[in-house]
Structures are given as structure tokens and as C-alpha cells.
1. Roughly how far apart, in whole Å, are the Cα centres of region 321-358 and region 222-257?
2. At q = 0.14, 0.18, 0.22, 0.23 Å⁻¹, work out log10 I(q)/I(0) for region 118-217 with the Debye formula, treating every Cα as an identical point scatterer and leaving solvent out; two decimals please.
3. List, largest first, the extents of the alpha carbons of region 311-352 along their principal axes, each in whole Å.
4. Largest first and in whole Å, what are the equivalent-ellipsoid semi-axes of region 160-213 based on the Cα gyration tensor, each being the root of 5 times an eigenvalue?
5. Please list 389-397, 307-315 highest first by mean number of surrounding beta-carbon atoms within 10 Å per residue.
6. Search the structure for amide H atoms under 5 Å from the amide H of Lys215, placed 1.01 Å from N in the peptide plane, and list their residues when 5 or more places away or on another chain.
7. Taking a quarter of the surface of the convex hull around the Cα atoms of region 255-373, what do you get in nm²?
8. Once the cut-off is 19 Å, how many percent of the Cα-Cα pairs in region 142-278 end up in the long-distance tail?
Amino acid sequence: MKNAGRFIFFGSIPRSLLPKSYSQTSKSLSFPNASIGNPDETVTRSTCAQGHSTQCRTMTGPPIKTFGGDDFGIKSHKLFLIPRKLVAGKFILILVVLILGSALAAEASIAAETATVTVVSYPARPPKLPLWLARDAGLFEKNGLNITLKELNSSEELMRSLQKREGQIYAATANWLVSGIGDGFDLVFVANTGYSVVKLLAQPSITRPEQLKGKKVATGELNSSQDRITREALQRLGLNPERDVTLVPMGGRSVTRLNALLRGEIDATTSNEDNLFDLERRGEMGKVRVLADNESLKLFIGGGVDFAVARPLLIKARPMVKGFIRALCEAIALARQDRAQADRIYGRYLNVKDPALLDFMYRTYVQIAIPQRPFPKLENVALGVDEFAAKQELKGKSAKDLVDATIIQEIENDGFFERLYQKPREHGE
């Protein structure tokens, strides 16, 4: 708005909003940069009261500066000369309504740019901290996402969800997601935020893996995640799980198998790190021997968190998927830098209140098991492909066909992690 004596110039005011006795169509101008005008252009503008040609005034000069510009979708500006005495009362009210309407429209436009994504999650495990923290800390919203998180209670519910295509992104153990791919759900693995920390325990008298030959090794239910972990661990120790040992299925809870080991009912079993914490706190670590762990076996599977995205979403909305993974990375950094954030998440989602256990979980998962750069783990997917190779949609496919690490690679190449941690990190940390 610019003062010109008894007149005021307005940009983009519709003729219908002006009193009939003063409304006059003026020249419609289109500026490359309407917000700053064009000093090299001379424009003739005229205004007069309707039906009174003797009251017409003509002005010559450069275009008048107006609010807005082509960058905001404004392609032209109509200029009006309005007598100052009219800029009062109802006219100011109309102008205020116009301004407020424009602000609300802009806010609605911004809201429309926020993508809504359904994430299906199972089971609830410590490596899922980045997903929970990213949601609670508003990191998804920061990256333009509105996340609907659907937590499931069983593997059966997860399989039904995969069959119904309920989620656009899945956070689960890789083998179940590979099974869904085998049934026709076209998913792509794009990230992994950690694994279940396990150790292979044996009776104190057993000091070497080969001494397990002929012994009883407890495992989970046949073909369960725990059963696969046990079999894979034995194979990596050079033992044939079918011939060299006697596998004893004992349900899905590792604490049940650990107690059986302590009672001398079995000779060895795998157990998660949480059970070992309880064992150590009771002063009973001397009753077992650790034969191997994730690091020595290079076995980072089972109970972890693999993220798979519907392939059409990855193709059509790649920036959105990139924003999702970036939010996970920011959550990992936040937990590492602020211990209280991790404690709060484990307290809320896993109901862990014991300060000693919280300290243990922080050291075990946040500082070790959860990677700073959550690249998808090919070996997790490969085990799933081996397990469900007979399914129609997996025939002729390898784990590499189901994994896309390029998004995190792009994030890494952009220098995102260096900015996040303020210093270079090794690949895959």
C-alpha cells in the first residue's frame, strides 16, 4: 500500500469489493518480481469516478511496489486508486478478512504437504527405540511426515497385516517380512536399527564349541526366530544342528531355557542380554559359560528391527521415505547425546523402571547394538529368503533383490551424519 496524496494504491483488490461509485478497471500488470517492481518500465495508470469523465486523473511513472510475487503463485497485480476517505469502516474490515483468509489458505497449503504414513510394528524390542523416539520427539513432523504407528501383539497379527497390505512401512524382524514378500507383497528393505543381543551359553564344564557334540541344546519352537538363531549359531561354530547335537524345543522365552540350563536339564542354549543382566545381578554368572556372542559369530539377526517399504511408495514418494529414515537417524543421535531421552522411551514402551537395567540397556543397545548409520542388513534378509525360498514370489530372487541401501547412502553422501555428530564416522557405525 502506498500513499499518494488523497489517494491510496492497492494491489490485487477485486473490483467487486469496491463501492460502485469509485470502482474502475485498471491495467493488469505482470512483473517478473512483483515484490520489488521494475524500475525500467513506465506504466500509465488512470482512475475516475464512474460516469464522471471530468474527474479522471492520469499518472505516469514506474510500477508501484506490491506485496507478493510470482514465486508465491501471483501472476498479475491489478492496481487501484482509492480515495483515502473510503479506507475506513467496512472497507478496512473487508481488507482484514482478505488478509486473514490468505493466511489460513497458506496454512492449509502447508498442512497439505505433510504426508500421512502408516507404520506397522512388531515386536516391541529395545532396538526399536529410534522409531519410538522419532515419533515422541516430533522428528517425523520435522521431516514432513504424519506417522500413524500400529503396534501388533503377535506374529499372526503381523502376517494378517501383510496379507491385507495395511502398512506402507513395516518395522519387524526380516524373516516375517520376507515371508510377506513371498506371498506377493512387494516390499523393499531400506534400514535396520539393531539386533537382539544374544549369547550362546553352556554348562561351565564345556569350554569349547566342539564339546557340544552329543549334548542337548535348547531352542525355540520349530522354525521360530529363536530356533533359526540357535541353528545358525551352531553352524557358524562348525556344528551340524541335525546330527551333532540334540535340539530340545522349549517355547519362545529364553528365560525358560536359561533356567533349564541352571537346573542342569540341558547343556547349552542361547539367551538374550537382558537375562544375563538378571543372572549377573543375582551373582550366578559363574554357573554358566559364554561360548559365543553376536560379535564373535557375526550373527546380527533375530528380534532386531528391519524396516521395509512398499515398493510403489519408494518409487513414487522417495523424498518422503528419505525423510522417514532421516528422522530415524536423528533419533539415534538424540538418544546417544541425551541419555534421559533413551531412559524415557524404554520406560514408556518397555516398562523398564529399574535404574540399573536402564543403564544396562543404554550401554548394550543405544551405544552398541543400534547403529549410528542404520544401513539395511543383507544377512538378515538372506536368512529369510532361505527360510521361505519355496514361496512363489521368492523363486529366482536373492536378498540383494529385496534390499535398497541407496537412500541411506544418499544421506551419508550429503554429509548428514557429519553434521549430526559434528565429526566423521566409519561407514555403517
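The values are calculated or read from the model by the stated rules, or taken from the named source; none is laboratory data. Quick caveat, the model's predicted, so the values are computed rather than measured. Here the Cβ is made from the backbone with ideal geometry for all residues, glycine too, and neighbour counts use every protein chain on show. SASA here: full protein model, heavy atoms, side chains in, ligands and nucleic acids out. Shrake-Rupley method; radii C 1.70, N 1.55, O 1.52, S 1.80 Å.
1. 31 Å
2. -0.66, -0.87, -1.15, -1.22
3. Sorted largest first, the three principal extents are 39, 21, 9 Å.
4. On the way: eigenvalues 279, 33, 17 Å².
One finds semi-axes of 37, 13, 9 Å for region 160-213.
5. On the way: 389-397: 12.4, 307-315: 20.2.
Sorting 389-397, 307-315 by mean packing, highest first, produces 307-315, 389-397.
6. Thr246
7. Numbers: hull surface 38.6 nm².
That works out to 9.6 nm².
8. Details: 5468 of 9316 pairs.
Roughly 59 percent, once rounded to a whole number.
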